[in-house]
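Participant: Below is the structure I would like to discuss, written out as structure tokens.
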Amino acid sequence: MSAPLTSAGPTVNDKRELFDYLASACKPRDAWLIGTEHEKFGFRGSDNAPLSYDGPQGIRAMLEGMQRFGWQPVMEGDNVIALTLDKQAISLEPGGQFELSGSPFSDVHQTCREANTHLKQVREVAHEIGIGFVGVGFQPKWRREDIPVMPKGRYDIMRAYMPTRGSLGLDMMLRTCTVQVNLDFADEADMVTKMRVGLALQPVATALFANSPFTEGKPNGYLSYRSTIWTDTDPDRCGILPFVFDDDMGFERYAEHALDVPMYFIHRDGVYIDVAGQSFRDFLDGRLPALPGEHPTFADWESHLTTLFPEVRLKRFIEMRGADGGPWDIICALPAFWVGLLYDPGVLDQAWQMVKDWTNVDHEYLRAEVPRTALHTEFRGRSLQALAKDVLALSREGLERRAVIDSRGKDESHFLDPLDAIATTGKTPAEGLLEAYDGYWEGDIDNLFADIAY
């Protein structure tokens, strides 16, 4: 969401080029890659307060400290707002959430090594300046107004526009964290099947990774409050995309949908121009009120696609977006889960057969219920826990078929072990935190920061 932008590049002359832009990302199976993204909340060690941008225990200090490992700064004015290293990026979400957008790798072993290296670097720098980081889906203690806002121009525009579209958009910006994985597709048909399976089974991932049961220091009645935040953020750009299951789904249909999602901003000469609520279709026709007579570049289109927030997002790859941020040992499970399901054609077909008769009512039901009840959700006469076991078995089969072996002789399927434990017990990470809160934490949320810091 917050990678550095550029407006450079060729101009788009016709919307057909936008369809072709998506289609041009098709790759043969042996070229498919895996990119993992994960966010985390920073806090001061002295009082668990969220991090400001400036100061000796601030985000700027963290970004400067990370540069010892070879990371290069990305500036916006006088502020460091991101870091890059090879194909990796560290970026800042609006409330200072610290995000790694990982390199694309060919297997889960590699993406997990990258995550481990990143977290070790973060821990080293954080320890030196007296701060820490936790992986949960929603800020467990602090109010929205307590969260410092990072100095990035795009966030000023989004903060002004969000409240006009939903009551929880600012919470999404300032108080949520996620883990995501980005995956490739072979052709249009493969993309469509992966989008459909991903959207249908996203609630299973939400349940397995549910890890946001607290708001302002108290249980909030949800197991994944982060997930329900998205249901009242912006109806134009969020949701389960029912049209993906229609017969005419393809690159053109998705692009037409994206053209109808209002824009946030345009980036020109290092400045974000507020076009919130204005139409990309008008931009394509040279009729954008903010830039009359100007036409978009492909960089503008790519930037616009990043401001759509469905549960599964199509760009030049597919993003799986349903999981809460979590502890160190579960981060690698998210890419393993989806690679196992989507990167083996036989398993992908089995997954599609599992969900192809689900109705839009089914999808909406799961989207509404799972954030509250996770694996305890009843669905089609059985529990989501039972469905999760079946889905995990399919994912494991897909990973075992890939047979990518590491130096210890293990294939990628072992990354699913933490999820198998969750599905077997039916106890999500959120429920483990609630047990601690009701038990030895004695209702004191500050214990969370001590217990689960990276």
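Participant: For the range 409-429, state whether one or more residues are free of Cβ contacts under 8 Å to residues at least 40 places away in the same chain, closer than 30 Å to Lys141 by Cβ, among the β-branched types (Val, Ile, Thr) and surrounded by 12 or more Cβ atoms within 10 Å (Cβ to Cβ).
Facilitator: yes
Participant: Now for a different question. Give the range 386-429 a look and list any residue that's among the polar types (S, T, N, Q) and either over 16 Å from Thr111 (Cα atoms) or part of a helix (DSSP H, G or I) (or both), or say none.
Facilitator: Here is the first cut: in the range 386-429, the ones among the polar types (S, T, N, Q) are 395, 407, 413, 424-425, 428.
Those that are among the polar types (S, T, N, Q) and either over 16 Å from Thr111 (Cα atoms) or part of a helix (DSSP H, G or I) (or both): Ser395, Ser413, Thr424, Thr425, Thr428.
Participant: If I ask for residues that are crowded, with 19+ Cβ neighbours inside 10 Å and part of a loop (DSSP other than H, G, I, E, B), which ones from the range 340-356 would you list?
Facilitator: Residues satisfying the conditions are Tyr343, Asp344.
Participant: While we're here: Residues of the range 432-444 being in contact (Cβ under 8 Å) with a residue 40 or more places away in the chain and surrounded by fewer than 19 Cβ atoms within 10 Å (Cβ to Cβ), which ones? Spell out the reasoning first.
Facilitator: Residues of the range 432-444 in contact (Cβ under 8 Å) with a residue 40 or more places away in the chain: 433-434, 437.
The answer is Leu434, and nothing else.
Participant: Look through the range 245-254, keep the residues that are surrounded by fewer than 22 Cβ atoms within 10 Å (Cβ to Cβ) and not charged (D, E, K, R), and return whichever of them is nearest to Tyr437 (Cα to Cα). Spell out how you get there, then give the answer.
Facilitator: Of all residues in the range 245-254, those surrounded by fewer than 22 Cβ atoms within 10 Å (Cβ to Cβ) come to 245-253.
Now drop any that are not not charged (D, E, K, R), which leaves 245, 249-251.
On the way: Phe245: 41, Met249: 46, Gly250: 47, Phe251: 47 Å.
Applying the filter and picking the extreme gives Phe245.
Participant: Another question, then. Looking only at strands (runs of 3 or more DSSP E) that fall completely inside the range 245-339, which ones have 2 or more residues that are more than 30 Å from Ser395 (Cβ to Cβ)?
Facilitator: Working: elements: 265-268, 271-274, 312-314, 318-324.
Ranges flagged: 265-268, 271-274.
Participant: Follow-up. When you scan the range 190-207, how many residues do you find that are within 19 Å of Thr428 (Cα to Cα) and touching a strand residue (DSSP E or B) at 6+ places or on another chain (Cβ under 8 Å)?
Facilitator: First, the residues of the range 190-207 that are within 19 Å of Thr428 (Cα to Cα): 201-207.
Narrowing the set further to residues that are touching a strand residue (DSSP E or B) at 6+ places or on another chain (Cβ under 8 Å) leaves 202-203, 205-207.
So the count comes out to 5.
Participant: Within the range 258-294, track down each residue that is basic (Lys, Arg) and closer than 18 Å to Gly153 by Cβ.
Facilitator: Narrowing the range 258-294 to residues basic (Lys, Arg): 268, 281, 287.
Of everything in the range 258-294, just one residue is basic (Lys, Arg) and closer than 18 Å to Gly153 by Cβ, namely Arg268.
Participant: Still on this structure: From the residues in the range 297-318 that are within 15 Å of the chain's Cα centre (by Cα) and of a type in the set (S, T, N, Q), which one is surrounded by the most Cβ atoms within 10 Å (Cβ to Cβ)? Give the steps one after another, and end with the answer.
Facilitator: Our first condition is that a residue be within 15 Å of the chain's Cα centre (by Cα); within the range 297-318, this holds for 305-315, 317-318.
From what is left, the residues that are of a type in the set (S, T, N, Q) are 306-307.
Values: Thr306: 15, Thr307: 17.
So the residue we want is Thr307.
Quick grid of which residues meet (1) free of Cβ contacts under 8 Å to residues at least 60 places away in the same chain; (2) within 15 Å of the chain's Cα centre (by Cα):
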position	(1), (2)
Met320	no, yes
Ala323	no, yes
Tyr343	no, no
Arg380	yes, no
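Participant: Then there is this: Residue pairs, Cβ under 6 Å, 6 or more apart or interchain, first in the range 356-376 and more than 14 Å from Ala205 (Cα to Cα) and at pLDDT below 95, second of a type in the set (Lys, Arg) and in a helix (DSSP H, G or I). List them.
Facilitator: Listed by first residue and then by second, the contacts come to nothing, as the list is empty.
Participant: If I go through the range 362-385 residue by residue, how many of them are outside any helix (DSSP H, G or I) and touching a strand residue (DSSP E or B) at 6+ places or on another chain (Cβ under 8 Å)?
Facilitator: First, the residues of the range 362-385 that are outside any helix (DSSP H, G or I): 377-383.
Right, trim to touching a strand residue (DSSP E or B) at 6+ places or on another chain (Cβ under 8 Å) and you get 377.
Summing the residues that are outside any helix (DSSP H, G or I) and touching a strand residue (DSSP E or B) at 6+ places or on another chain (Cβ under 8 Å) in the range 362-385 gives 1.
Participant: What is the number of the single condition among (1) closer than 22 Å to Val134 by Cβ; (2) surrounded by 15 or more Cβ atoms within 10 Å (Cβ to Cβ) that Pro56 does not meet?
Facilitator: (2)
The values are calculated or read from the model by the stated rules, or taken from the named source; none is laboratory data. On a predicted model such as this, the values are computed, not experimentally measured, just so you know. Every residue, glycine as well, gets a Cβ built from its backbone with ideal geometry; the counts of neighbours run over all protein chains shown.
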